[in-house]
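Novice: Submitted below is the structure of interest, expressed as structure tokens.
The values are calculated or read from the model by the stated rules, or taken from the named source; none is laboratory data. Predicted model only: the values in this text are computed from it and were never measured. Cβ atoms come from the backbone with ideal geometry, glycine included; neighbour counts cover every protein chain shown.
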Amino acid sequence: MRFVINEINLWLKNKKIRSIPFFENKINVITGESGTGKSVIIDIVDYCFFASKTKIPDEKINENINWYGLKFEINDKQYVIARGALSENRKVSSSYYFSPIGDVPNEPTPNITEDELKAVIEREFSIDSNVTIPYSGKKLKAGSKISLRYFFLFNTQSGDTIDHSEVFFDKQNDEKYKEALHRIFDLAIGIDTVNNIIIKDKINTLEKDILKLERRKNAILKENSVFDSELRSIVKQAKEYDLISLETNSLNEDIGNLQHVVENVQFLNTSENMKELERLQKKKNEIKHKIRSYNKFKNEYSGFKKLQSETFESLKPVDHLRENYGHLIQHPILTELLDFLETEMNKIKKDISNKRPFDINLDDDLKKLTKQLDEIQKDIDKVPQNKKSFNTEIEKFVFIGEIKSKLRLFKHGDQEIFNEEDLEKKKDELEQLKSKLETEIIDRSLVIRLLEELVQRYLDKSSNALGIYKDYQSVFDYKTKVLQLKKPTALVPSVVGSSSNHMFMHLCFMLGIHELIIKQGAPYVPSLLILDQPSRPYYGEEGNKKNTKKWSQIPQDDRTKITIAFTVLNNFITHINEVYGQTFQMIVFEHIPESIWKSANLNNVILVDQEFRDGNALIPDELL
């Protein structure tokens, strides 16, 4: 996404305006002394883009300002945004000024709400209602709209981050932004697309629907099981009281008989149930007897087959004698004996072979008998074992009333039938969506490998500043979103020491990831990088005057490393312009003198305003 900050504008309470210009395709350096407000510019950019809290200091800055503003280009449009200063209790302002034509007013007045302004900027960030959080966290809810602010995580390296050994993105101490980074990362670098997000959302909805349907299906099946059990219990009770006959063929017939009892209670007749029970018990015993007979026969037949096998074995010596000794003993009596034995042996073989095996269908018959036994037992279970009788007619009619009530309930419950076709249709739709997603989505591992290759190019260009790590390979830990270095042929990454090495790793990583975003054509991340003092490992920490050194105190080796860093940044701008035909902007806050980039002929590096020294600052003394 083409994004250029043209100016930062500060409207002071004394009606004066402080403007700082910036340029596209340049590394805009603001350099000078500590405590002059350079690093606050990151906070001002963040504040103008809807921050709900800010680190803009009151002293010297907020206490003198009425409005903070940005003039910027986004895609093919030029806008101006201004936001009111913090209140006395540091509450962020809800007052916004917006110009869709880039008009910078003498004094802003509120003309738009935050929600209205967000809607305008979100369109330029290609964010609509379909660009949503893919999965929930402690702070973020799945399906909620992605904030454009999350994509600015790729645009800044604050002083707390730029030489950190384990953190490569700003705001990772804020749980919301930490969760956001992991949820937007694939979208930001072009692994994922809005189309895939829509498909994933539909998949998520379908999976929830299918889960609900399957739970409902299981509940109905369970209800039907209970329904069947209770029906049988009612039938059995009715038979115990001789209200209905035992001589029925199905449960449905029993229910029909119960209904008949309810409808014709005044004409009740009873029957002798025990006769039916005796008939069923007799049939059960007959089947059990058959099963025992079949099993006994199987055992005896197994013994017969074993004997048959032994008989065949006993005949084998005749063949052995004829084959091995017949030619040695040439005697008529022996020959006649062998011929006789052979003839008898063949007769026995023929007789045995013609015997039909009896166990062909034994197992099938046993299965059928066992099944019949189970069915008989079910019929027996329906028959009351002990005949009951009502003590009074009133008791009988009360029981019939209970039957009527339960039958009405069962009739209503039985009408609920699960729609299996609807479930299968949703499963088919889910498979189709998953198949479509698989064809649309880019292989993440390939993109991560490309990121590592791009980062490696910048590491190679910085090799003279990396000391013992100059030939190490880049390894991106996708899970933690951290760049690591690995010794060639090593299995695991190394533990890298020195804040200088960490700073170069951060620079190379951010350059590599921005080139990847441009190469992928991902539309969400601005083509902007703001760096807070890359020379921090050599100069000391911003704002700490005890640790901050003068340029004359910086060793030559460290000066060389600073030059290498700016050379890599300078060449990145040229590379993006020439290879991709795209624009890019960097803003860098520093302590280094202008001579660093001029002596190295770094044409893409420029000094913004004048050095912040001798009264010149974010808010110069002359404006107060």
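Novice: Hey, among 127, 101, 162, which residue is of a type in the set (Val, Ile, Thr), free of Cβ contacts under 8 Å to residues at least 40 places away in the same chain, assigned to a loop (DSSP other than H, G, I, E, B) and outside the structural domain of residue 420 (by TED's automatic domain parsing)?
Specialist: After applying the criteria, what remains is 101.
Novice: How many residues does the stretch 402-443 contain that are charged (D, E, K, R) and modelled with pLDDT of 75 or more?
Specialist: The total comes to 12.
Novice: Could I ask something else about it? Scan 118, 171, 176 and give me the residue that is more than 23 Å from the chain's Cα centre (by Cα), within 30 Å of residue 98 (Cβ to Cβ) and part of a helix (DSSP H, G or I).
Specialist: Details: 171 fails: part of a helix (DSSP H, G or I); 176 fails: more than 23 Å from the chain's Cα centre (by Cα).
Answer to the selection: 118.
Novice: Among the residues of the stretch 194-204, write down those that are surrounded by 16 or more Cβ atoms within 10 Å (Cβ to Cβ) and either touching an Asp or Glu at 6+ places or on another chain (Cβ under 9 Å) or not assigned by TED's automatic domain parsing to the domain that holds residue 431 (or both).
Specialist: 194, 196, 199, 200
Novice: Show the residue pairs meeting these rules: Cβ distance below 7 Å; 6+ apart or different chains; first residue within the stretch 573-593 and surrounded by 15 or more Cβ atoms within 10 Å (Cβ to Cβ); second residue of a type in the set (Lys, Arg).
Specialist: 583/2; 585/26; 589/38
Novice: Filtering the stretch 81-94 down to residues that are under 24 Å from residue 3 (Cα atoms) and without any contact (Cβ under 8 Å) to a residue 60 or more places away in the chain, which residue is farthest from the chain's Cα centre (by Cα)?
Specialist: The residue in question is 84.
Novice: Tell me which residues, restricted to the stretch 457-485, are touching a strand residue (DSSP E or B) at 6+ places or on another chain (Cβ under 7 Å) and surrounded by fewer than 17 Cβ atoms within 10 Å (Cβ to Cβ).
Specialist: Residue satisfying the conditions is 477 alone.
Novice: If a residue has to be crowded, with 16+ Cβ neighbours inside 10 Å and under 46 Å from the mean Cα position of the chain (by Cα) to count, how many in the stretch 594-606 make the cut?
Specialist: 3
Novice: Looking only at the stretch 130-159, filter to residues that are of a type in the set (Ser, Thr, Tyr) and not in a loop (DSSP other than H, G, I, E, B); which one of those is farthest from residue 196 (Cα to Cα)? First the steps, then the outcome.
Specialist: Restricting attention to the stretch 130-159, the residues satisfying the condition of being of a type in the set (Ser, Thr, Tyr) are 132, 135-136, 144, 147, 150, 156, 158.
Now restrict to residues that are not in a loop (DSSP other than H, G, I, E, B): 132, 150, 156.
On the way: 132: 11, 150: 19, 156: 28 Å.
Filtering the stretch 130-159 for residues that are of a type in the set (Ser, Thr, Tyr) and not in a loop (DSSP other than H, G, I, E, B), the one farthest from residue 196 (Cα to Cα) comes out as 156.
Novice: Within the stretch 545-572, restricting attention to residues that are over 18 Å from residue 507 (Cα atoms) and of a type in the set (S, T, N, Q), which residue is surrounded by the most Cβ atoms within 10 Å (Cβ to Cβ)? Show your work before the answer.
Specialist: The initial filter retains those residues of the stretch 545-572 that are over 18 Å from residue 507 (Cα atoms), namely 545-557.
Imposing the further condition that a residue be of a type in the set (S, T, N, Q) reduces the set to 547-548, 552-553, 556.
Numbers: 547: 12, 548: 17, 552: 6, 553: 11, 556: 7.
Here the residue is 548.
Novice: To continue, here is another question. If you take the residues in the stretch 98-136 that are of a type in the set (Ser, Thr, Tyr) and surrounded by fewer than 17 Cβ atoms within 10 Å (Cβ to Cβ), which one is modelled with the lowest pLDDT?
Specialist: Only one residue tops the list, namely 135.
Novice: Additional query: Just for helices (runs of 4 or more DSSP H) wholly inside the stretch 480-596: which have at least 3 residues that are within 23 Å of residue 39 (Cβ to Cβ), not acidic (Asp, Glu) and not assigned by TED's automatic domain parsing to the domain that holds residue 162?
Specialist: No helices (runs of 4 or more DSSP H) qualify here.
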